[in-house]
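What follows is a single structure, written as structure tokens, with notes after it.
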Amino acid sequence: SYDYEYLSQVKEIFGITDFWATYSWGFSEAREQQDYRFLLSKIENFKKLGITLHAYVQGPNLVYQDYKDHDWFCKDNENRMVTYYRGRKVVCINNPEFLDYIHNKLLKMSNKGFDGIYMDNIQMGQIPIPSYSKKPPFIFAGCKCLFCSNKFHKDCGLSIPTDFETNESLTKQYLSFRVRCVTEFLETVAKSIHQGKMV
């Protein structure tokens with residue numbers, strides 16, 4: 001659907017104004033080069049048809065094999081990495097090296113012809129998992145890596161809880177902390193995207 005004639009028909013039939021095209025799916029940049037070249041070779045088709053092009057970029061989960069030499073990955077309450085999907089691990093949105101990596105990745109995408117970026121699957125560590133017992137109702141959620149632990153201690157003067165709702169006040173503080181971290185990550189990513197003159 002990236003070829004001009006087909007794209008033209010899709011626009012005519014469905015009246016599309018915007019298109020979301022996969023640019024990066026969380027593999028290493030070396031492995032994705034062929035995909036980058038393919039999409040970049042088709043950008044002119046979108047421009048000719050006046051279709052706004054948004055590049056899809058995988059959020060904070062990466063193919064572990066491609067990034068195993070980096071210490072960017074979230075840790076649960078037992079210091080295990082958090083699995084996103086087969087072969088993928090969740091990356092910590094508070095890790096400064098990952099933030100530098102994603103900032104540079106997004107800046108490299110500026111001046112390529114993309115109008116915007118769509119970043120998918122933004123989460124902070126592990127999602128809450130029901131324990132299926134009366135107390136606590138949820139097992140650990142989030143990330144307990146060194147960066148998150150230090151940041152939570154600095155913000156709240158406490159350690160990250162491991163059992164949710166055993167201490168309701170602490171649980172609320174930690175969940176608010178997670179919201180702040182995700183918000184800060186979104187603001188950081190948006191700043192990088194806007195710096196590249198994209199939406």
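Structure summary
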read-out	value
Matching option when the condition is open to solvent by 80 Å² or more (accessible area, probe 1.4 Å), at positive phi and at pLDDT 90 or above, among 191, 154, 197	197
Boolean, residue 8 is more than 30 Å from residue 180 (Cα to Cα), modelled with pLDDT under 95, open to solvent by 20 Å² or more (accessible area, probe 1.4 Å) and more than 19 Å from the chain's Cα centre (by Cα)	no
Qualifying residue in the range 40-57 (condition: under 12 Å from the mean Cα position of the chain (by Cα) and under 22 Å from residue 127 (Cα atoms))	yes
Any pair with Cβ under 8 angstrom, 6 or more apart, that starts in the range 1-14 at a residue that is without any contact (Cβ under 8 Å) to a residue 60 or more places away in the chain and ends at one that is part of a loop (DSSP other than H, G, I, E, B) and open to solvent by 90 Å² or more (accessible area, probe 1.4 Å)	none
Positions within the range 19-52 being crowded, with 16+ Cβ neighbours inside 10 Å, in contact with an Asp or Glu (Cβ under 8 Å, 6 or more places away or on another chain) and farther than 19 Å from residue 67 by Cβ, in sequence order	42, 45, 51
Single condition residue 142 does not satisfy, out of (1) modelled with pLDDT of 95 or more; (2) farther than 30 Å from residue 45 by Cβ; (3) small (Gly, Ala, Ser); (4) in contact with a helix residue (DSSP H, G or I) (Cβ under 6 Å, 6 or more places away or on another chain)	(1)
Test result for residue 75, charged (D, E, K, R), over 15 Å from the mean Cα position of the chain (by Cα) and open to solvent by less than 60 Å² (accessible area, probe 1.4 Å)	yes
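The values are calculated or read from the model by the stated rules, or taken from the named source; none is laboratory data. The shown structure was predicted, so the numbers you read here are calculated from the model rather than taken from an experiment. Please note: Cβ atoms are built from the backbone with ideal geometry, for glycine as well, and neighbour counts cover all protein chains shown. Surface accessibility is based on the protein's heavy atoms, side chains included, excluding ligands, DNA and RNA. Shrake-Rupley method; radii C 1.70, N 1.55, O 1.52, S 1.80 Å.
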